[in-house]
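Report on one structure; see the data block that follows.
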Amino acid sequence: MRRFAAISMLFASVLAAPALRAQSIIQDYVGECVPFARAVSGIQIWGNAHSWWEQAAGKYDRGNRPRIGAVLVFASTDQLKFGHVAVVSRIIEDRTVMVTHANWSRIGGKRGRAEQDVTLFDVSSRGDWSRVKVWYRDSDGLGGSSYPVYGFIYGKGGKAPPARPAPELTSNRPDYVGSLIDAYAR
């Protein structure tokens with residue numbers, strides 16, 4: 001009986017390990033946005049962030065409407081030489097979402113940390129998610145810059161197996177009101 005109990009406990013710990021790894025990647029992550037987005041979205045694309053959009057063609061469905069678990073691909077700019085990728089964690093309203101991403105704000109004076117449920121606001125003139133502003137920790141609100149984006153990679157469709165976003169992609173208590181204030185108060 002003891003042997004069965006020990007085996008059951010071992011089996012339970014093995015089953016729990018992926019969830020623990022996913023949670024710790026958000027809490028403890030230090031690194032670039034690309035491997036982080038791949039880990040929490042399940043979308044299997046490599047290379048610089050701005051190259052994800054073209055790489056996803058035929059492999060995953062793409063579009064210009066946010067969905068939970070979708071990866072938003074930022075274009076390369078003078079400020080973002082390699083682009084950026086962020087994973088949609090919550091949809092607040094038509095032009096406001098929350099994303100979970102890495103290597104954006106300085107946390108403790110350093111870049112590379114992951115941030116969960118960060119406000120992202122569509123500032124495109126047509127409401128088509130072609131230009132966004134992102135919450136920036138250093139200013140405690142939306143940053144002063146807006147960024148061109150290609151669109152969302154959905155993780156389903158195409159030739160690739162469906163992606164599975166990490167269950168810990170979003171927190172238990174995101175600040176919906178704060179997100180809307182960030183988006184519309186400036």
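The values are calculated or read from the model by the stated rules, or taken from the named source; none is laboratory data. Predicted, not measured: the structure shown is a model, and the values here were computed from it. When we count neighbours, we look across all protein chains shown, and the Cβ atoms used for this are built from the backbone with ideal geometry, even at glycine. Side chains included, ligands, DNA and RNA excluded: accessible areas come from the protein's heavy atoms. Shrake-Rupley method; radii C 1.70, N 1.55, O 1.52, S 1.80 Å.
Along region 45-57 the Karplus relation, 6.51 cos²θ - 1.76 cosθ + 1.60 evaluated at θ = phi - 60°, assigns HN-Hα couplings of 10, 10, x, 4, 3, 5, 7, 4, 4, 5, 4, 6, 4 Hz to successive residues, with x for each Gly and Pro. Of Trp46, Trp129, Trp53, the residue with the largest accessible area leads and the full order is Trp46, Trp53, Trp129 (1.4 Å probe).
Each label point was placed 7 Å from the Cα along the Cα-to-Cβ direction; for Arg137 and Ile91 their separation is 2.9 nm. In this label model, Ser146 and Arg173 are separated by 3.4 nm, measuring between points 7 Å along each Cα→Cβ vector.
When the surface is traced with a 1.4 Å probe over the full set of protein chains, Arg65 keeps roughly 110 Å² accessible. Sorting Thr77, Thr119 on solvent-accessible area from highest to lowest, probe radius 1.4 Å, gives Thr77, Thr119. So what is the relative contact order for region 118-186, in percent, with contacts set as C-alpha pairs under 8 Å and at least six apart? Normalised by residue count, the contact order of region 118-186 is 27 percent. Between region 137-155 and region 76-116, the C-alpha centres lie 6 angstrom from each other.
Computed extension gain for Lys110 through Asp128, at 0.36 nm per residue and net of the alpha carbon distance, reaches 3.2 nm.
In terms of distances greater than 28 angstrom between alpha carbons, the cross-link table entries Lys59/Lys110; Lys133/Lys159; Lys81/Lys133; Lys110/Lys159 yield Lys59/Lys110; Lys133/Lys159; Lys110/Lys159. Rounded to the nearest 20, the Cβ-based charge dipole of region 68-161 about its Cα centre (Lys and Arg +1, Asp and Glu -1) stands at 320 debye.
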